[in-house]
Amino acid sequence: MQSLAGLRAVLTGGATGIGRATALALADAGAEVAILDIDVQSAELTCRQIADKGGTAFTIAASVSDSASVDAAFSTLDARWGRLDLLVNNAGVSGNRAALEIDDTEWQRVMGINLNGVFFCARAAGRRMVARGQGAIVNVGSIYSLVAAPERLSYCVSKAAVAMLTKTLAIEWASKGVRVNCVAPGYVQTPLLEALDSEGRIDLAALRQRTPQQRLGTPEDIAQSVVYLCEPRGAHITGQVLAVDGGWSAYGYI
Ligand SMILES: NC(=O)c1ccc[n+]([C@@H]2O[C@H](COP(=O)([O-])OP(=O)(O)OC[C@H]3O[C@@H](n4cnc5c(N)ncnc54)[C@H](O)[C@@H]3O)[C@@H](O)[C@H]2O)c1
């Protein structure tokens, strides 16, 4: 028996990385998946991978940082599905700059996608889920939802805000049957991370060593935790920020 059989899930940023792995995992668990992404071509590839395994997925072109685009995407889903069970807010971008080098455009770019995008999608999904009295939302935060790092001000602030958005929506909607949780990945081997490594902005070897499990996360590690928080066996879990980081955020020694 598939744990999410018959459920309808919207996932943002499913074209690559953690989002693609999560789309595949949701579909493996039986959910029908709608991917909202700006990169339609790559998102279509995710859909084909799901279809090859016997699942159902489709893409809707939308930018999460544009509330009109998000609302239009959810209206499209209303017409197609008529009901929505799950939302995974995964789309996100990095923001690796020294605080004094962040101009207005850069600040708004990171906040627009990482924070406004999560709010716009949660609001659109919440309207539908609260009206039905059921649903689950999982936001993808970061270890930087929990702790700080230098030269990442916009990223850290946006992801810390996602953790608080998670808790606030969770307590507001708990009595309405809607759960809201956050998965906080540590460093995960994805195109985003590889790009930062090749630009010399991070040191993957040092990060591996800094992680108690001595390895980076995989997209599948994150995907499985998202699925768990969506499943009925997570029915009493809401308002939580779950670090999935190989012990990285628990570690406080040298
Ligand atoms: N990779 C890591 O090490 C890591 C660690 C912690 C948290 N995260 C978080 O996990 C999430 C996914 O990260 P990833 O590494 O898979 O990134 P990625 O760059 O591989 O994928 C990001 C996805 O978001 C989509 N996207 C970007 N802007 C968008 C927009 N405006 N509207 C809709 N879609 C948009 C991209 O097209 C892509 O599909 C992000 O929220 C990221 O902050 C990643």
Which of the residues that make up region 150-168 are open to solvent by less than 20 Å² (accessible area, probe 1.4 Å) and either outside any helix (DSSP H, G or I) or touching a helix residue (DSSP H, G or I) at 6+ places or on another chain (Cβ under 6 Å) (or both)? SER154, CYS156, SER158, LYS159, VAL162, ALA163
Counting only residues that are assigned to a helix (DSSP H, G or I) and without any contact (Cβ under 8 Å) to a residue 60 or more places away in the chain, region 196-227 contains a total of 11
For region 1-96, which fully contained helices (runs of 4 or more DSSP H) count at least 1 residues that are within 19 Å of LEU229 (Cβ to Cβ) and within 13 Å of the ligand (Cβ to nearest atom)? 17-28
Is region 177-192 home to any residue that is within 24 Å of TYR253 (Cβ to Cβ), touching a helix residue (DSSP H, G or I) at 6+ places or on another chain (Cβ under 6 Å) and small (Gly, Ala, Ser)? yes
Determine whether region 162-175 contains at least one residue that is within 23 Å of ALA31 (Cα to Cα), among the small types (Gly, Ala, Ser) and away from the ligand (no atom under 11 Å from the Cβ). yes
Are any residues in region 179-220 within 13 Å of the ligand (Cβ to nearest atom) and under 25 Å from LEU84 (Cα atoms), and if so, which ones? CYS182, VAL183, ALA184, PRO219, GLU220
Taking region 15-45 and keeping residues hydroxyl-bearing (Ser, Thr, Tyr) and over 16 Å from the mean Cα position of the chain (by Cα) leaves SER42
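The values are calculated or read from the model by the stated rules, or taken from the named source; none is laboratory data. Just so you know, these numbers come straight off a predicted model, no measurement behind them. Note: ideal-geometry Cβ built from the backbone for every residue, glycine included; neighbour counts use all protein chains shown. Side chains are part of the model used for accessible areas, which takes the heavy atoms of the whole protein and leaves out ligands, DNA and RNA. Shrake-Rupley method; radii C 1.70, N 1.55, O 1.52, S 1.80 Å.
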